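For reference, the structure is listed below as structure tokens.
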Amino acid sequence: MTTPFLMLVDDEVSFVETLAKRLDKREIRVITAFSGIESLEMLKANQGLDVIVLDVKMPGMDGIETLRNIKKASPLTEVIMLTGHATVEAAIDGMKLGAYDFLMKPCDIEELVRKVVEAATKKQVHDEKIRDARDVRIKEILDIYDS
């Protein structure tokens with residue numbers, strides 16, 4: 001597995017900056033966004049993202065709506081929902097929309113790292129299967145033209 005590529009999305013700037021530094025020290029490549037809208041722009045510019053850690057409660061576009069848009073734009077990118085205001089309903093909504101997991105703030109950094117690595121591994125395995133299937137199909141097509 002390659003180094004996880006992660007985007008942190010939260011409107012609390014100091015929280016994002018601190019967490020980004022802590023994840024970077026654990027050799028996780030991190031980019032940041034401070035709103036749902038900004039995260040969607042960053043996603044377009046960074047198609048190699050493995051995981052997005054997404055706050056549920058944000059002004060403007062909230063985490064659930066942002067998750068819905070992320071999954072439309074990049075269905076294989078894994079999303080870990082993170083909130084200090086968790087409700088059972090928000091967790092259920094997030095999981096129904098395809099969130100990988102749901103963690104409470106403040107979360108243990110080692111638990112977050114473990115979840116990020118698990119989610120990144122899942123995404124990278126999916127990507128590899130898609131590449132392998134595409135390669136097999138291309139070979140089959142070329143074999144047809146070679147005969």
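The values are calculated or read from the model by the stated rules, or taken from the named source; none is laboratory data. All figures in this text were calculated on a predicted structure; none of them were measured in a lab. Backbone-built Cβ (ideal geometry, glycine too); neighbour counts: all protein chains shown.
Which residues, counting only those in the range 104-117, are at pLDDT 90 or above, surrounded by fewer than 16 Cβ atoms within 10 Å (Cβ to Cβ) and not basic (Lys, Arg)?
108, 109, 110, 111
Determine which single condition residue 46 fails, assuming it passes every other condition in (1) closer than 21 Å to residue 120 by Cβ; (2) loosely packed, with under 12 Cβ neighbours inside 10 Å; (3) of a type in the set (S, T, N, Q).
Just one mismatch for residue 46, condition (2).
Just a yes or no: is a residue in the range 94-103 over 19 Å from residue 122 (Cβ atoms) and either modelled with pLDDT under 95 or among the acidic types (Asp, Glu) (or both)?
Scanning the range 94-103, I find no residue that is over 19 Å from residue 122 (Cβ atoms) and either modelled with pLDDT under 95 or among the acidic types (Asp, Glu) (or both), so the answer is no.
May I ask you to verify whether residue 78 is closer than 19 Å to residue 3 by Cβ, crowded, with 21+ Cβ neighbours inside 10 Å and out of contact with any Leu (no Cβ under 8 Å at 6 or more places or on another chain)?
Judged against the criteria, residue 78 is a match.
Within the group 129, 122, 71, 139, which residue is in contact (Cβ under 8 Å) with a residue 40 or more places away in the chain, of a type outside the set (Val, Ile, Thr) and farther than 13 Å from residue 6 by Cβ?
Of 129, 122, 71, 139, the one residue that is in contact (Cβ under 8 Å) with a residue 40 or more places away in the chain, of a type outside the set (Val, Ile, Thr) and farther than 13 Å from residue 6 by Cβ is 122.
Here's the yes/no breakdown for (1) surrounded by 13 or more Cβ atoms within 10 Å (Cβ to Cβ); (2) in contact with a Phe, Trp or Tyr (Cβ under 9 Å, 6 or more places away or on another chain); (3) hydroxyl-bearing (Ser, Thr, Tyr); (4) farther than 16 Å from residue 5 by Cβ:
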{"position": "26", "(1), (2), (3), (4)": "yes, no, no, no"}
{"position": "84", "(1), (2), (3), (4)": "yes, no, no, yes"}
{"position": "91", "(1), (2), (3), (4)": "yes, yes, no, yes"}
{"position": "102", "(1), (2), (3), (4)": "yes, no, no, yes"}
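Being over 11 Å from the mean Cα position of the chain (by Cα) and either over 18 Å from residue 17 (Cα atoms) or surrounded by fewer than 23 Cβ atoms within 10 Å (Cβ to Cβ) (or both) is the filter here; which residues of the range 34-43 pass it?
Across the range 34-43, the qualifying residues are 34, 35, 37, 38, 40, 41, 42.
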